[in-house]
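Asker: Quick one: the structure is below, questions incoming.
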Amino acid sequence: MLDTNLKQQLTTYLQNLTSAVELSVFLGDDVKSKELATLVAEIAEMSALVTIVAADASNERVPSMLVKSVKTGGEMRFAGVPMGHEFTSLVLALLHSGGHPIKLDKAVIEQVAALEGEYSFETYISLSCQNCPDVVQSLNMMASNNPHIQPVMVDGALSQEEDYQRDLLSVPQLYINAKACGIGPLQVPETLN
């Protein structure tokens with residue numbers, strides 16, 4: 001799945017992990033599920049701190065994966081195969097789940113950690129979208145600082161039934177607790193103010 005150069009780079013990045021990361025995969029019999037299974041297996045081979053745990057796919061999008069910090073319990077989901085522009089989002093999710101420091105202002109980290117309530121974020125993306133990773137990575141950084149924030153990146157190409165039901169016409173498209181939220185580059189959803 002990953003070429004030799006990308007494997008070498010990722011192996012180097014994963015040396016920055018300081019705590020354990022669990023990967024759960026939710027797979028079907030389709031080609032994309034096989035790609036995701038291969039990707040997860042390759043990642044787990046690169047670091048002793050990354051393990052694959054058995055998962056029940058009955059209530060999950062397929063194919064998808066869950067990146068979980070064993071230390072904090074923070075979780076980040078990827079519904080689809082996070083390649084293309086989203087590969088960086090996956091790498092950062094692994095690093096932040098594994099204890100690598102986040103490059104954010106301390107006051108912002110404290111503000112995110114202090115958010116009360118439960119927040120479920122669904123970000124519909126396209127793997128070719130250049131703006132989508134900014135949204136995915138921002139929400140994943142929030143999740144790594146607050147276990148009550150549950151983000152999922154959803155590849156619109158693999159979720160066409162959801163796309164149709166939600167009348168998605170462009171990406172990134174963000175839903176907070178199942179409610180549509182129009183978000184631009186510098187807008188903050190009202191529910192988080």
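Asker: Order of 111-122, 48-59, 92-103 by packing, highest average Cβ count within 10 Å first?
Answerer: In decreasing order of mean packing, 111-122, 48-59, 92-103 become 92-103, 111-122, 48-59.
Asker: Separate question: What per residue convex hull volume, in Å³, comes out for region 1-87 when only alpha-carbon positions are used?
Answerer: Expressed per residue, the convex hull around the Cα atoms of region 1-87 is 97 Å³.
Asker: Rounded to a whole number, what % of the accessible area of the chain do carbon and sulfur atoms account for, probe 1.4 Å?
Answerer: Whole-percent figure for carbon plus sulfur exposure: 51.
Asker: Once both labels are modelled 7 Å past Cα along the beta-carbon direction, what's the residue 59-residue 160 spacing in nm?
Answerer: Going from the residue 59 label point to the residue 160 one covers 2.9 nm.
Asker: Would you please give the FRET efficiency between residue 70 and residue 134, computed as 1/(1 + (r/R0)^6) with r the Cβ-Cβ distance and R0 = 25 Å, to the nearest 0.05?
Answerer: Between residue 70 and residue 134 the formula returns 0.35.
Asker: While we're on this one: Roughly how many debye, to the nearest 20, is the charge dipole of the chain about its Cα centre, given +1 on each Lys and Arg Cβ, -1 on each Asp and Glu Cβ, and no other charges?
Answerer: With Lys and Arg at +1 and Asp and Glu at -1, about 460 debye.
Asker: For the chain, report the accessible area per residue in Å² (1.4 Å probe, heavy atoms, rounded to an integer).
Answerer: 53 Å²
Asker: Then there's this: What full-extension length gain, to one decimal in nm, is calculated for residue 102 and residue 115 as 0.36 nm per residue of separation minus the Cα-Cα distance?
Answerer: 2.9 nm
Asker: Let me ask you something else. Which label belongs to the value computed from this structure, given these candidates for Kirkwood radius over Cα pairs in Å: (i) 19.0; (ii) 17.6; (iii) 16.9?
Answerer: Step by step, Kirkwood radius over Cα pairs in Å for this structure corresponds to label (iii).
Asker: Now a separate question. List the lysines whose alpha-carbon lies under 30 Å from that of residue 34, not counting same-chain residues fewer than 8 positions away?
Answerer: 7, 68, 71
Asker: Need one number: nm distance between label points at residue 179 and residue 19, each 7 Å from Cα along Cα→Cβ, rounded to one decimal.
Answerer: Rounded to a tenth, the inter-label distance reads 3.2 nm.
Asker: While we're here: No other cysteine beta carbon under 4.7 Å away is the test; run it over the chain and list who passes.
Answerer: Cysteines lacking a close Cβ partner in the chain: 181.
Asker: Of all DSSP beta bridges in the chain, what percent run antiparallel (nearest 5)?
Answerer: 55 percent
The values are calculated or read from the model by the stated rules, or taken from the named source; none is laboratory data. In this text, all values refer to a predicted model and were calculated from it rather than measured experimentally. As a convention, Cβ positions derive from the backbone with ideal geometry for all residues, glycine included, and neighbour counts pool all protein chains shown. The area values use the complete protein model at the heavy-atom level, side chains included, leaving out ligands, DNA and RNA. Shrake-Rupley method; radii C 1.70, N 1.55, O 1.52, S 1.80 Å.
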